[in-house]
Amino acid sequence: MFAIQKNNLYRELKPNNPAALQFSTNNYLGLAGDERLKQAVIEAVKKYGVGSSGSRLISGTHRLHLELEEKIAQLKDTERALVFSTGYAANLGTLSAILSEQDAVYSDQFNHASIIDGIKLSRANKFIYKHCDTEDLERLLSENAHKYCLNLIITDSVFSMDGDLAPLKRIVELKKKYNALLFVDEAHSFGIYGPHGQGLVYELGINNEIDIQMGTLSKAAGSEGGYIAGANDLIEYLINKSRPFIYSTAPAIPSVAASIRAIDIIKEGNDLRKRLYRNIEYLGQKLTPSHSPVFFKKFGTIEQALNISGQLLEKHNIQATAIRPPTVQTPGIRISLTALHERRDIDCLIEGLILLSSGLIRIKKGGNEEFNAS
Ligand SMILES: Cc1ncc(COP(=O)(O)O)c(C=O)c1O
């Protein structure tokens, strides 16, 4: 028996149950099954086939890839954008390309694995600051920034597991003070915040201060793929230097066609966003307030988290997956809301949680910026 089996850390693949009430997806706007996306995919596949059949620089760049990149750049109001096969590849491929041993990177303790891996691959000097703690970030910058030619601060905007928001306004002040660059991962905020779903940095009015905006098309956009949006020079550099971009087959036609349609819907998607915000507010009143669709119910032990998650499915037909180390430090159940949830769905979840767990633990928010999600 492996040690991870003894410690309840062994992971297995299970097909999700389509009949269960889902509270574990990243399909925040409900676009993954949207008829308009399906139609766009069918039309594109009939016209162009399925696979892209090559890497972007050899034979794989279809006009749909360029259309998608233009749409992202337009929406984000950046000079240009570049699409990768996944968000993971976008982070890995950008960090490993732009950073080297001579540079320093300042990364939030709870940043996503793709950021951690990208930093490792870059061999840059890394300084991990305490989660959402801008005092700790400033301490690290003041002690180290003068030693390196390039200093890069990197943070998720919405943290994938806890759902809390990075203190981005303060981070922008520090970036300016220490002449650093700022990379923001909007994987869990693209489509959700901003007047046209551009992301949290737009909602906060600081988009022009962000040097590199990363996001994924696999969450609110309901499709697949990652993007980097920024200056033309950055994108040109990545096209020439980013190994996951260069040495991998271009995203397939169905994903690209779905993403193009999703961006149009996101741009005009205030009704969907309002429905999502109403759900966030409703669950927040019952559980603990959140400024994002992600809620994390912590448990004392891995067994408790697994047990409650298992019983939610078995007894209440609710899928809310337990999350264990090393993905998180404290085990718990990650609950995510979508625009498609009805009030009665959320009531079922609350009822199940109350019946199964005695005394819900409040989630401490890391960010301290005011954000009105209603
Ligand atoms: C913060 C963050 N960044 C990047 C990614 C990777 O995106 P993708 O799933 O498109 O590879 C994720 C996915 O979970 C994420 O949560």
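Some values worked out for this structure:
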quantity: Estimated Rh, the chain: Kirkwood, alpha-carbon pairs, angstrom; calculated: 21.3 Å
quantity: Choice from Phe127, Phe190, Phe245 showing the highest fluctuation, given a GNM over the chain with Cα pairs closer than 10 Å; calculated: Phe127
quantity: Lys pairs, region 1-90 - Cα-Cα below 28 angstrom, 8 or more residues apart or on other chains; calculated: 8
quantity: Added length on full extension, which subtracts the Cα-Cα distance from 0.36 nm per residue, Glu281 to Arg63; calculated: 74.4 nm
quantity: Binned Cα-Cα distance frequencies in region 133-210 - 5 Å width, integer %; calculated: 3, 15, 27, 22, 16, 10, 4, 1
quantity: Cα Rg over Rh - region 144-273, Kirkwood; calculated: 0.99
quantity: GNM top mover of Pro195, Pro326, Pro289 - the chain, alpha-carbon springs below 10 Å; calculated: Pro326
quantity: Kirkwood Rh and Cα Rg combined as Rg/Rh, region 50-267; calculated: 0.96
quantity: Most mobile of Val184, Val328, Val294 in a GNM of the chain (Cα contacts under 10 Å); calculated: Val328
quantity: Note, ³J(HN,Hα) from phi for region 340-350, Karplus 6.51, -1.76, 1.60, rounded to Hz, x at Gly and Pro; calculated: 7, 5, 9, 4, 5, 5, 5, 4, 4, 4, 4
quantity: Rounded, prolate or oblate (a/c below 1.5 giving rounded, otherwise prolate when a/b exceeds b/c) for region 61-110 by Cα gyration tensor; calculated: prolate
quantity: Sparse-neighbourhood loop sites, chymotrypsin sites (Phe, Trp or Tyr not before Pro) in region 246-327 - DSSP loop, at most 13 other Cβ within 10 angstrom; calculated: Tyr247
quantity: In nm, spacing of pseudo-spin labels at Glu342 and Val50 (7 Å Cα→C-beta vector); calculated: 3.6 nm
quantity: Residues Ser259, Ser290 arranged by fewest to most Cβ contacts within 10 Å; calculated: Ser290, Ser259
quantity: DSSP bridge orientation in region 50-267 - percent antiparallel, rounded to nearest 5; calculated: 40 percent
quantity: Gyration tensor (alpha-carbon) shape descriptor, region 81-202, a/c threshold 1.5; calculated: oblate
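A short reminder: the numbers here are calculations on the coordinates, not readings from a lab. This one's a predicted model, so the numbers in the text were calculated from it and none came from an experiment. Quick reminder, even Gly has a Cβ in these numbers, built from the backbone with ideal geometry, and neighbours come from all protein chains shown.
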